[in-house]
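See structure below.
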Amino acid sequence: MEKKGTIHRISNKKRGRPKIRFNFGILILIFALSFAGCFALYMIAANTNDDFLDDSDDKIVVQEQATEAASEGEDVQPSSEATAPAEKPDIVNPVPQSSAVDEEYFDGCCLVTDSTLLEMGSHTAFKDVIGNAELNAVACNDVNVESNYGTVTVYQVMQLKKPANLYIMLGSDIGSSEVDDMVAAYTQLVTNIHSYLPDTKLYVMQLPPAAYDTESVTNEKINLYNGKLLAMARDIGVYCIDTNTALKSAEGKLSEEYWDAENGKLSDAAYKALSDYIRTHTA
């Protein structure tokens, strides 16, 4: 008996590709690694920044308050602690009399001056004196002076020196320069220094009176100049010390004891009087 042959039919349809199965284990692993990475970054920031947690809490509180206020229809105002500027000390000019400080006070002081007070360091304990005969009010921003930082402008010296107390006496060009030009240049210098060194106590010193009037230099002109210096100090927010009155006689000119007629300069007594006046007129 013959065996029947088995017929195998080949289908024309292609066999389908195996389906890709979604592996939840891989998804969990990716989530865990992402969480671990974020947590590690958070811990690094928290440990390297002492205020990190405090700042974050403050931001959250402020945000919550803003959200609550907005939902209630209230106007949100910025925090006064974040926007209030630092309070500036009240400045009374000219500086009134105060208790006398010791001469050691001058150890933290610097004087910028022209020929008017160049010899201050030779007569008093005020030793840190910067200036020269070429320096004056109208050229105070341009003339270079010698210092421990090289030969540079007064402003550049102050940027590096950063004195605790700075006194400025300029005005040797009274009579040769226009008063308004002198004050304009002086204002620029004081403004620049005060802006760069807001913590430095800056004293503008009024020009001493003249021993006698000349055709170009009169006490009336000096008084006009000093009045503008006082207004300048008030506008900028620095101190002004009335070193004019400290040396003035009842006749409105330089007292005879404060003038060395032989040398045509301020006397030793004048320098001592200025030193004592500064020590009894500090802010």
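Just so you know, all these numbers are worked out from the coordinates, no wet-lab data involved. These figures come from a predicted structure and were not determined experimentally. Cβ placement follows ideal geometry from the backbone for every residue including glycine, while neighbour counts extend to all protein chains displayed.
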Q: Step through the residues of the range 264-281 one at a time and calculate ³J(HN,Hα) from phi using the Karplus curve (6.51 cos²θ - 1.76 cosθ + 1.60, θ = phi - 60°), rounding each to whole Hz and writing x for Gly and Pro.
A: x, 9, 5, 7, 4, 5, 5, 5, 5, 5, 5, 4, 5, 5, 4, 5, 9, 9
Q) Which FRET efficiency value, to the nearest 0.05, is calculated for Val101 and Glu215 with the Förster distance at 35 angstrom and r the Cβ-Cβ distance? A) 0.30
Q. What is the range 185-277 by shape, rounded, prolate or oblate, if you read a ≥ b ≥ c off the alpha carbon gyration tensor as root eigenvalues and call it rounded for a/c under 1.5, prolate for a/b larger than b/c, and oblate otherwise?
A. prolate
Q.
As a test, work out the antiparallel percent of DSSP beta bridges whose residues both lie in the range 112-246, rounded to the nearest 5.
A. 25
Q: Kindly state, to the nearest 0.05, the FRET efficiency for Ser147 paired with Ala261, given R0 = 25 Å and r defined as their beta-carbon distance.
A: 0.15
Q) In cubic angstrom, how much convex hull volume per residue do the alpha carbon atoms of the range 132-212 span? A) 96
Q | C-alpha center-to-center spacing [the range 222-283, the range 96-133] in angstrom | A | 13
**Q.** Selection of GluC sites (Glu not before Pro), the range 247-281, meeting DSSP coil and at most 16 other Cβ within 10 Å
**A.** Glu251, Glu262
